1. Indicate, rounded to the nearest 5 percent, the antiparallel portion of the DSSP beta bridges found entirely in the stretch 1-138.
2. Quick one: net charge around residue 159, please, counting Lys, Arg +1 and Asp, Glu -1 for every other residue with C-beta under 13 Å from its C-beta.
3. Using a 10 Å cut-off on Cβ atoms, rank the peptides 142-150, 211-219 from the highest mean neighbour count down.
4. Sort 47-55, 280-288 for me by packing, meaning the mean count of neighbouring Cβ atoms within 10 Å per residue, highest on top.
5. All other residues with a Cβ under 12 Å from the Cβ of residue 292 taken together, and with Lys, Arg as +1 and Asp, Glu as -1, what is their net charge?
6. Keeping all protein chains in place, calculate the accessible area per residue for the chain (probe 1.4 angstrom), answer in Å².
7. Give, to the nearest whole percent, the P(r) tail of the chain beyond 39 angstrom, counting all Cα pairs.
8. Under 5 Å between amide hydrogens, which residues at least 5 positions from residue 217 or on another chain qualify, with H placed 1.01 Å from N in the peptide plane?
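The values are calculated or read from the model by the stated rules, or taken from the named source; none is laboratory data. These numbers come from a predicted model, not from an experiment. Every residue, glycine among them, receives a Cβ derived from its backbone with ideal geometry; neighbour counts consider all protein chains shown. To get the accessible areas, we keep the full protein, side chains included, count just its heavy atoms, and leave off ligands, DNA and RNA. Shrake-Rupley method; radii C 1.70, N 1.55, O 1.52, S 1.80 Å.
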Amino acid sequence: MEYDGILLGMGNPLLDISAVVDQDFLNKYEIKPNNAILAEDKHLPMYDEMAAKPTVEYIAGGATQNSIRVAQWMLPFPGATSYMGSVGKDKFGEKMKKNAQDAGVNVHYYEDETAPTGTCAVCVLDGERSLVANLSAANCYKVDHLKRPENWALVEKAKFYYIAGFFLTVSPESIQLVAEHAAANNKIFSMNLSAPFICEFFRDPQEKALPYMDFVFGNETEARTFSKVHGWETDNVEEIALKISQWPKASGTHKRITVITQGADPVVIAEDGKVKLFPVIPLPKEKLVDTNGAGDAFVGGFLSQLVQEKPIAECVRAGCYASNVIIQRSGCTYPEKPDFA
């Protein structure tokens, strides 16, 4: 099988500004623990405040980019992954490009002349992360960039696609183009619920993309929000996963599989009208550094086996392995080589 460029991701490339904060800091900026939101004016001063903290770290991030980097790390084939998104023409953009290329990802960024590279404040308290994204240049991605021959070639070459739900806020038109291409060519298209606010406030573009999704990823909070928004009147994650898997599909080639993570609780897989639970690798509390990138890493590990056509149980095992590695380190970072057997 030809693995060159087999997996393509599209999303919002963001530079993570990660620091340990206290409860007062979260209260000051009205941030809930373990949430992900878009920055409003009231949040803007927090970026400088975090940059001044002694524990601050700058890490290439953005949900989809994290997943693609982890998938590439887990794959024994260089150049198996590609990624598109929008950055600014600045040192942060350059830093991110170098970081992604060093990770072996073939990045085709759209470089915006007017806006700075997007940033994401990663507020870490007791190992839990809360994210506040200031999209800036990431918000400027244009479908015209995707249509350029050198970029559309990446779409045609790929057989698997992954796009985090966050990209629905930026370029639903680009998502639709890739989704329709996947359906027409019997390829695998996957997305993530990504955050409660996506399910609540971007319901229309999410529902438009859903029929094309062969895999839907998410966590228990996002799944419950999705259920609430659609009036399903259930908080049972297994039931919700099943209902999402049974949502009508644009193409009958592949059945939809829903994959819901629940932190330390088992991973829920819904397919073919059945639910299976897979335990995660337990981790003592003292080994937890932060949960930033845990869900992204899970998806990356999962996709690394999916593109090799491994069984779902093996994809879940790889996802659990990758997220276990990432939560023992700061941000979505990993050792030089995986030791996944």
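1. On the way: 12 of 32 bridges.
Taking every DSSP beta bridge within the stretch 1-138, about 40 percent pair in antiparallel fashion.
2. On the way: positive: 157, 187; negative: 2, 4, 156, 214, 309.
Neighbourhood net charge equals -3.
3. On the way: 142-150: 13.1, 211-219: 23.7.
Ranked by mean Cβ neighbours within 10 Å, highest first: 211-219, 142-150.
4. Values: 47-55: 12.7, 280-288: 10.8.
The peptides rank, most packed first, as 47-55, 280-288.
5. On the way: positive: 129, 329; negative: 16, 57, 128, 290, 296.
After counting each charged neighbour, the total is -3.
6. Working: 14360 Å² over 341 residues.
Spelled out: the 1.4 Å probe surface of the chain, per residue, equals 42 Å².
7. Details: 3612 of 57970 pairs.
Counting every Cα pair in the chain, those more than 39 Å apart make up 6 percent.
8. For residue 217, the qualifying residues are 191, 192, 193, 259.
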